[in-house]
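*Asks:* Dumping the structure here so I can ask a few things about it.
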């Protein structure tokens, strides 16, 4: 009973983050309530499968730590952009390829991490967070093209939800703070129900049990720019997961070896592939659950396994998934401001340790964030370039990421003029001697 209660606590801590991704992406792509219910249900189920893959420790996959996996917020902006440009089938084609790519490079990714230092990953995460803010603002008004967009009731609900989150953050601690987003969504929806803004038809129409269906949204299609975008997202997610692995390794006093990391990356790649097949999402280690492990002091993998089984079970019950789809857009928008703002905040946090170390890092951040945001706001800037070049320039996140990676190589990975001069002087002195 105690193990089940501890497992449920982990489910609650990650639940809001897990359901928000399908709700945001589904709403942006204009899915029906039935499709949105499926998307939420399959996402919850696949979060459980991805978690179990990591907790199980065998010779092929699994980091063997008390880690919980959920859909990465890093993928939200790119998925919306890909879906808007190429359709939903291209999203899942790109996810499938990126998952296979992660599996292929899992053995070597530890050696590739130096291409993704904090100055690169921090810039990418910041760009993604900034590009998501307009989505949140649209939802605060009631949703794009809503007949009552910007109405007093929508604005009140949105800011009321946001204020509730802020109050919990200010006056609570520990687990309550960890589930502040979930609590705000529940309270905001109850208030909206009294205002006549909640439609329960999706819940009444949803079945009590369903079987998952591969390629529910149709067979995947493959677009180079979409694939490149999701591979970059996967790389950033792996870097984030690496930090979670080491944090949990420290908490559980387990010294991680290169093979352990490879098995962790491989499990993550398998989860991404399964996400592509069953029309879910890319998955990554959830840092909020690391905080919960620290707060409770419970480090047992058995607890996380129970949490994974709970998530899988919930994924087979569409009525529970349908409950999340009744949340009004305005309530979601208020929560999104906090969630997406936290993504930006996380990016800034990653950059804070490197921005002052050298003017070169400041230039990398300036150019990559400027390019990412600029292309997002004015996507037609590179419309006259050849299609082969537009693969890198048609998406603000890709353009910003490529800029960050390229400038990091130029400034931080190639020998500086000063180093070359020192090397030449040393060789001269050696010859003279």
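The values are calculated or read from the model by the stated rules, or taken from the named source; none is laboratory data. Every value quoted in this text rests on a predicted model; they were computed, and no experiment measured them. Positions of Cβ are backbone-derived with ideal geometry, glycine not excepted, and every protein chain shown enters the neighbour counts.
*Asks:* Looking at segment 171-187, can you tell me whether even one residue there is surrounded by fewer than 21 Cβ atoms within 10 Å (Cβ to Cβ), over 17 Å from residue 324 (Cβ atoms) and in contact (Cβ under 8 Å) with a residue 60 or more places away in the chain?
*Replies:* yes
*Asks:* Given the criteria under 20 Å from residue 81 (Cβ atoms), at pLDDT below 85 and not in a loop (DSSP other than H, G, I, E, B), does residue 244 qualify?
*Replies:* no
*Asks:* Let me ask you something else. If you go through segment 308-356 one residue at a time, how many are more than 26 Å from residue 161 (Cα to Cα), modelled with pLDDT under 85 and buried (at least 19 other Cβ atoms within 10 Å of the Cβ)?
*Replies:* 1
Listed here are the residues, each with its yes/no results for (1) under 16 Å from the mean Cα position of the chain (by Cα); (2) within 17 Å of residue 47 (Cα to Cα); (3) surrounded by 15 or more Cβ atoms within 10 Å (Cβ to Cβ).
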{"residue": "213", "(1), (2), (3)": "no, yes, no"}
{"residue": "230", "(1), (2), (3)": "yes, no, yes"}
{"residue": "251", "(1), (2), (3)": "no, no, yes"}
{"residue": "259", "(1), (2), (3)": "no, no, no"}
{"residue": "270", "(1), (2), (3)": "no, yes, yes"}
{"residue": "283", "(1), (2), (3)": "yes, yes, yes"}
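*Asks:* Within segment 96-113, which residues are farther than 18 Å from residue 124 by Cβ and assigned to a helix (DSSP H, G or I)?
*Replies:* 96, 97, 99, 100, 103, 104, 110, 111 - these are the residues of segment 96-113 that are farther than 18 Å from residue 124 by Cβ and assigned to a helix (DSSP H, G or I).
*Asks:* Looking at (1) within 24 Å of residue 310 (Cβ to Cβ); (2) in a helix (DSSP H, G or I); (3) out of contact with any strand residue (DSSP E or B) (no Cβ under 6 Å at 6 or more places or on another chain), which is the only condition residue 83 fails?
*Replies:* (1)
*Asks:* Only one residue in 35, 54 is crowded, with 20+ Cβ neighbours inside 10 Å and touching a helix residue (DSSP H, G or I) at 6+ places or on another chain (Cβ under 8 Å), so which one is that?
*Replies:* That would be 54, the only listed residue that is crowded, with 20+ Cβ neighbours inside 10 Å and touching a helix residue (DSSP H, G or I) at 6+ places or on another chain (Cβ under 8 Å).
*Asks:* Restricting attention to segment 77-98, report how many residues are closer than 15 Å to residue 30 by Cβ and over 15 Å from the mean Cα position of the chain (by Cα).
*Replies:* So the answer is 8.
*Asks:* Determine whether residue 130 is in contact (Cβ under 8 Å) with a residue 60 or more places away in the chain and under 21 Å from the mean Cα position of the chain (by Cα).
*Replies:* yes
*Asks:* Let me ask something else about it. Of the numbered conditions (1) touching a residue at least 12 places away in the same chain (Cβ under 8 Å); (2) in a loop (DSSP other than H, G, I, E, B), residue 235 fails exactly one; give the number of that condition.
*Replies:* Looking at each condition in turn, residue 235 falls short on (2).
*Asks:* Same structure, new question: Sort out for me the helices (runs of 4 or more DSSP H) sitting completely within segment 114-210 that have 3 or more residues that are at pLDDT 90 or above and over 30 Å from residue 364 (Cβ atoms).
*Replies:* Filter on segment 114-210 gives 152-171, 180-194.
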